[in-house]
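Visitor: I'd like to ask you about the structure that follows.
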Amino acid sequence: MTGNTIDQSELQRRIEALESEIATLTANAPEDKLSMVVMSGDLDRILAALIIATGAAAMFDKVSMFFTFWAIPALRDPEKAPPPKDFMSRMFGWMLPKGAPALKLSKMNMGGMGTAMMKGLMRKKKVMGLEELLQRAAESGVQICICQMSMELMGFKSEEMIDYPDRKLCGVATFLAEAGTSKASLFI
Amino acid sequence: MTGNTIDQSELQRRIEALESEIATLTANAPEDKLSMVVMSGDLDRILAALIIATGAAAMFDKVSMFFTFWAIPALRDPEKAPPPKDFMSRMFGWMLPKGAPALKLSKMNMGGMGTAMMKGLMRKKKVMGLEELLQRAAESGVQICICQMSMELMGFKSEEMIDYPDRKLCGVATFLAEAGTSKASLFI
Amino acid sequence: MTGNTIDQSELQRRIEALESEIATLTANAPEDKLSMVVMSGDLDRILAALIIATGAAAMFDKVSMFFTFWAIPALRDPEKAPPPKDFMSRMFGWMLPKGAPALKLSKMNMGGMGTAMMKGLMRKKKVMGLEELLQRAAESGVQICICQMSMELMGFKSEEMIDYPDRKLCGVATFLAEAGTSKASLFI
């Protein structure tokens with residue numbers, strides 16, 4: 001009996017060790033999430049980001065896109081009048097594309113003709129355009145975070161941006177917290 | 001004895017809980033894989049992608065590259081005649097580089113002179129060029145997926161592409177399934 | 001008693017199986033690390049990389065940046081005279097930016113005016129510039145690996161690079177070993 005009891009407490013000790021190790025592993029295991037930084041302002045790269053995001057929304061529990069720098073103008077709403085701004089902010093507003101319809105291809109833009117032809121081709125081949133993809137992303141719960149620092153630098157305001165259900169301003173720490181717990185992270 | 005028996009069934013219950021938690025962790029653990037989206041059509045970025053891929057083939061169980069958009073022309077075989085195509089597809093075929101030898105540096109191309117000098121320098125320093133890296137990738141089992149939607153959009157056909165052992169057409173869901181189970185995913 | 005003893009050894013067997021499975025899971029679990037390839041030579045993308053790196057240094061145990069190709073000139077020290085070089089290396093040295101202060105925006109550079117205005121704006125809005133971010137990265141223990149093959153190709157030498165505490169030359173295998181054990185990997 002004594003030997004048996006010792007075995008039992010030995011097994012119990014080992015089970016406790018396993019329970020603690022599993023708790024650590026579970027706490028560190030990635031969640032079923034995909035996160036992306038979107039920095040490029042090119043139509044083709046933002047299209048790719050949104051094709052990935054809307055595809056991922058059907059496969060992962062959560063998809064987060066962090067729009068920063070040149071990607072932010074893609075989220076401007078061309079219908080909304082910008083609030084009063086200082087000189088530099090007005091200049092950024094004037095020089096950068098006013099929303100998704102104004103974005104250009106990174107190659108073969110050819111003064112806008114290439115971009116227009118690509119858009120026509122996409123419609124013909126029934127490939128969703130940027131505005132439709134943003135709509136689809138909104139419907140499928142993709143989260144959009146806009147980099148607060150870039151917004152302040154370029155002088156963009158929340159009220160000029162498109163209406164989007166799950167949209168917030170955030171900093172790099174928010175992205176890193178997502179990336180560190182995601183199954184995959186991309187920089188686009 | 002009774003107390004002992006209770007202990008035993010209590011231990012058994014805890015072991016069963018552990019077994020179930022470990023099954024979940026194991027099912028969600030990333031596999032020994034590396035996955036990449038290659039979207040850029042620049043010689044330097046595709047070189048980087050293939051240097052990473054061939055290096056990774058020696059270290060990971062599986063390496064997958066997803067060629068999309070501007071990266072697809074890098075896989076055209078300059079020796080193969082394209083099949084009959086509609087006007088837009090002929091135009092893409094004519095405007096985009098015809099295979100690896102026609103790719104250009106993203107910077108310092110200088111009308112082709114910079115690219116030619118870089119290639120000469122790579123040969124001199126015994127750094128593998130794009131064609132050799134593709135050969136090496138094929139030999140070391142790197143999988144190449146070509147984005148079906150981009151192929152249809154630009155009018156490229158499988159029969160114009162280089163011979164490559166593990167090549168297939170696929171969609172974004174295939175990439176996402178790989179990325180979600182890979183140790184690392186890159187967007188190039 | 002006999003039945004009880006069999007149970008005990010059965011439990012022991014299951015515990016041993018669990019211990020072995022957990023050892024495998026723990027060995028394969030990602031470490032608390034973030035790794036990045038920085039290939040772009042554009043001021044904006046290198047700024048983004050360093051903002052992510054310095055932010056990550058506060059959240060992860062280890063942050064590694066792998067500078068390759070066009071990104072390497074950002075690490076040149078403009079105060080240091082280059083050692084004697086062959087013709088091609090002198091040409092790279094002459095054509096590529098001499099250190100962080102010489103980098104340009106990927107868009108809106110406008111012959112340097114746009115880049116100068118962005119830098120002025122960053123100072124005004126108290127956003128750290130590239131030199132300060134490199135300083136911050138050094139202080140917070142971010143590791144910088146410089147791609148040996150690119151250094152040899154472009155003819156750059158370690159002695160022309162900025163002083164940086166945790167800096168080393170390395171190859172693609174070093175990056176892949178980091179990426180394969182990191183919680184997140186980015187290609188910038």
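Visitor: Just one of the numbered conditions (1) in a helix (DSSP H, G or I); (2) in contact with a helix residue (DSSP H, G or I) (Cβ under 6 Å, 6 or more places away or on another chain) is not true of C:MET59; which one?
Guide: Single failed check for C:MET59: (1).
Visitor: While we're on this one: Can we say B:ILE22 is modelled with pLDDT under 95 and of a type in the set (A, V, I, L, M, F, W, C)?
Guide: So B:ILE22 fits the description; yes.
Here's the yes/no breakdown for (1) among the hydroxyl-bearing types (Ser, Thr, Tyr); (2) in a helix (DSSP H, G or I); (3) at pLDDT below 95; (4) crowded, with 16+ Cβ neighbours inside 10 Å:
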{"site": "A:GLY41", "(1), (2), (3), (4)": "no, no, no, yes"}
{"site": "A:ALA49", "(1), (2), (3), (4)": "no, yes, no, yes"}
{"site": "A:THR54", "(1), (2), (3), (4)": "yes, yes, no, yes"}
{"site": "A:PRO84", "(1), (2), (3), (4)": "no, no, yes, no"}
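Visitor: Next question. Which one of the conditions (1) open to solvent by less than 70 Å² (accessible area, probe 1.4 Å); (2) part of a helix (DSSP H, G or I) does B:ILE144 fail to meet, given that it meets all the rest?
Guide: It fails just one condition, (2).
Visitor: Can you name the condition, by its number, that B:MET117 falls short on among (1) open to solvent by 10 Å² or more (accessible area, probe 1.4 Å); (2) in contact (Cβ under 8 Å) with a residue 40 or more places away in the chain; (3) of a type outside the set (Gly, Ala, Ser); (4) not in a loop (DSSP other than H, G, I, E, B)?
Guide: In the conditions (1) open to solvent by 10 Å² or more (accessible area, probe 1.4 Å); (2) in contact (Cβ under 8 Å) with a residue 40 or more places away in the chain; (3) of a type outside the set (Gly, Ala, Ser); (4) not in a loop (DSSP other than H, G, I, E, B), B:MET117 misses (2) alone.
Visitor: Hey, among B:MET36, B:MET110, which residue is among the hydrophobic types (A, V, I, L, M, F, W, C) and either on the phi < 0 side of the Ramachandran plot or buried (at least 19 other Cβ atoms within 10 Å of the Cβ) (or both)?
Guide: When all the criteria are applied, what remains is B:MET36.
Visitor: Restricting to the range A:155-184, and then to whatever is in a helix (DSSP H, G or I) and more than 14 Å from every other protein chain (Cβ to nearest Cβ), can you tell me which residue is most open to solvent (accessible area, probe 1.4 Å)?
Guide: So, considering only residues that are in a helix (DSSP H, G or I) and more than 14 Å from every other protein chain (Cβ to nearest Cβ), the one most open to solvent (accessible area, probe 1.4 Å) is A:GLU159.
Visitor: Which condition does B:THR24 not pass, out of (1) of a type in the set (S, T, N, Q); (2) open to solvent by 40 Å² or more (accessible area, probe 1.4 Å); (3) within 10 Å of chain C (Cβ to nearest Cβ), if it passes all the others?
Guide: Single failed check for B:THR24: (3).
Visitor: State the number of residues belonging to the range B:90-131 that are touching a Pro at 6+ places or on another chain (Cβ under 6 Å) and of a type in the set (Asp, Glu).
Guide: Matching residues across the range B:90-131 total 0.
Visitor: Just give me the residues in the range C:63-82 being open to solvent by 60 Å² or more (accessible area, probe 1.4 Å) and within 12 Å of another protein chain (Cβ to nearest Cβ), in sequence order.
Guide: None; the set is empty.
Visitor: Which number in (1) surrounded by fewer than 17 Cβ atoms within 10 Å (Cβ to Cβ); (2) within 14 Å of chain C (Cβ to nearest Cβ); (3) assigned to a helix (DSSP H, G or I) marks the one condition that B:LYS126 misses?
Guide: With (1) surrounded by fewer than 17 Cβ atoms within 10 Å (Cβ to Cβ); (2) within 14 Å of chain C (Cβ to nearest Cβ); (3) assigned to a helix (DSSP H, G or I) applied to B:LYS126, the lone miss is (3).
The values are calculated or read from the model by the stated rules, or taken from the named source; none is laboratory data. This is a predicted model, so every value here is computed, not measured. Ideal geometry is used to build each Cβ from the backbone, glycine not excepted, and the neighbour counts take in all protein chains shown. Side chains included, ligands, DNA and RNA excluded: accessible areas come from the protein's heavy atoms. Shrake-Rupley method; radii C 1.70, N 1.55, O 1.52, S 1.80 Å.
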